[in-house]
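Note sheet for the following structure.
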Amino acid sequence: MNTFRQKLEKGFTLTFESDPPKSVSPARSLELIAPFANQYDAIMVADCTFATLRMSNLAFASLIRQRYGVPIVMHQTARDMNILGMHSHLMGAWALGIENLLLMTGDPPRFGSFPAATPV
């Protein structure tokens, strides 16, 4: 199987983005991905989009990868972690075979599930 990096080197790639579920059960979200999983070059997994509470993107990305064997591009925001937490999270991603990352600041907490939360 080609890696996402190899696909990028060849030119145009096609991805789609999936938000982790808003619950502890990933079953329905994984079912919704099924028809599309092998139609794209990678699946992007967001990190609490709009600062809304969701399952860990690392956990959900790992479940997608295990179930469908497709490359993952995991979003990683700096909003919720200090440097120690960030390194730990990224090391865990690598250990689980998630090698592609999209790094960003993240949406401000004031717009999300816990508006009184403070960003790191």
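The values are calculated or read from the model by the stated rules, or taken from the named source; none is laboratory data. Note that this is a predicted model, so its numbers are computed, not measured. A quick note on method: Cβ atoms are made from the backbone with ideal geometry, for glycine too, and the neighbour counts reach across all protein chains shown. Heavy atoms of the whole protein, side chains included, go into the accessibility calculation; ligands, DNA and RNA do not. Shrake-Rupley method; radii C 1.70, N 1.55, O 1.52, S 1.80 Å.
Quick check on the range 107-120: of everything there that is open to solvent by 100 Å² or more (accessible area, probe 1.4 Å) and assigned to a helix (DSSP H, G or I), which residue is nearest to Phe60 (Cα to Cα)?
Step by step, filter the range 107-120, then rank; the result is Phe111.
Is it fair to say Gln76 is assigned to a strand (DSSP E or B) and of a type in the set (S, T, N, Q)?
Spelling it out, Gln76 is indeed assigned to a strand (DSSP E or B) and of a type in the set (S, T, N, Q).
With respect to Leu63, is the statement that it is modelled with pLDDT of 95 or more and open to solvent by 30 Å² or more (accessible area, probe 1.4 Å) true?
yes
Note down all Cβ pairs under 7 Å where the first residue falls in the range 87-98 and is in contact (Cβ under 8 Å) with a residue 40 or more places away in the chain, the second is of a type in the set (A, V, I, L, M), and they're at least six residues apart or on different chains.
Ile98/Ala61; Ile98/Ile72; Ile98/Met74
State the number of residues belonging to the range 73-106 that are among the β-branched types (Val, Ile, Thr), more than 13 Å from Met44 (Cα to Cα) and open to solvent by less than 90 Å² (accessible area, probe 1.4 Å).
Within the range 73-106, residues that are among the β-branched types (Val, Ile, Thr), more than 13 Å from Met44 (Cα to Cα) and open to solvent by less than 90 Å² (accessible area, probe 1.4 Å) number 1.
Do you know which residues across the range 24-46 are assigned to a loop (DSSP other than H, G, I, E, B) and either open to solvent by less than 60 Å² (accessible area, probe 1.4 Å) or in contact with a helix residue (DSSP H, G or I) (Cβ under 8 Å, 6 or more places away or on another chain) (or both)?
Within the range 24-46, Pro26, Ala34, Ala37, Asn38, Asp41, Ala46 meet the criteria.
Restricting to the range 3-23, name every residue that is part of a loop (DSSP other than H, G, I, E, B) and touching a residue at least 12 places away in the same chain (Cβ under 8 Å).
Passing the criteria: Thr3, Thr13, Leu14, Asp19, Pro20, Pro21, Lys22, Ser23.
Given (1) buried (at least 18 other Cβ atoms within 10 Å of the Cβ); (2) not in a loop (DSSP other than H, G, I, E, B), where does Val70 come up short, assuming only one miss?
(2)
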